[in-house]
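Contents: one structure, followed by commentary.
The values are calculated or read from the model by the stated rules, or taken from the named source; none is laboratory data. All values derive from a computational prediction rather than experimental measurement. Here the Cβ positions follow ideal geometry from the backbone for every residue, glycine too, while neighbour counts run over all protein chains shown. The protein model used for the area step is the full one, side chains on, heavy atoms only, and it has no ligands, DNA or RNA in it. Shrake-Rupley method; radii C 1.70, N 1.55, O 1.52, S 1.80 Å.
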Amino acid sequence: MTEKPKGPASYFPSIERKYGRPIAEWQDLVRTSPLTKHMELVAWLKTEHGLGHGHANALVAHTLAEARK
């Protein structure tokens, strides 16, 4: 039995369904953005790509955490 994702990754299935792009594509957008601060990236995803706050925050948090590993 597989364990359900926790934390920011738990939002990923609904993000893919709602916005029609795979998570890898969203993460590439975050990684290639000239912005570097968490809340700047969240605001950018909301204004430029129409994501809701929770979805944008989850994507940014997960992507930035991966970059720190």
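What percentage of the solvent-accessible surface of the chain, computed with a 1.4 Å probe over protein heavy atoms, is contributed by carbon and sulfur atoms? Spell out each step's value before the answer.
Values: 2570 of 4660 Å².
Of the solvent-accessible surface of the chain, carbon and sulfur hold 55 percent.
Of the GluC sites (Glu not before Pro) found in the chain, those that fall in a DSSP loop while having at most 12 other beta-carbon atoms within 10 Å are Glu3.
Projecting the Cα atoms of Pro5, Trp26, Met39 onto the charge dipole of the chain (Cβ charges, centred on the Cα centre) puts Pro5 farthest toward the positive pole.
Loop-only check: which trypsin sites (Lys or Arg not before Pro) in the range 1-52 are DSSP coil with at most 12 other Cβ within 10 angstrom?
On the way: sites: Lys6, Arg17, Lys18, Arg31, Lys37, Lys46; in loops: Lys6, Lys37.
Filter output for the range 1-52: Lys6, Lys37.
A 1.4 Å probe run over the protein chains yields, for the chain, 68 Å² of accessible area per residue, whole-number rounding. Here the chain is treated as a Stokes sphere of Kirkwood radius computed over C-alpha pairs; at 4 °C and 1.567 mPa s its diffusion coefficient rounds to 107 µm²/s. Summing Lys and Arg as +1 and Asp and Glu as -1 over all other residues whose Cβ lies under 12 Å from the Cβ of Leu29 gives a net charge of -1.
Tell me what the chain gives for mean residue ellipticity at 222 nm when only DSSP H runs of n ≥ 4 count, each as -39,500 (n - 2.57), the sum divided by the residue total, rounded to 500 deg cm²/dmol.
On the way: 4 runs with 46 residues, N = 69.
For the chain, the value works out to -20500 deg cm²/dmol.
Its relative contact order, with pairs defined as Cα atoms under 8 Å and 6+ residues apart, puts the range 16-69 at 34 percent.
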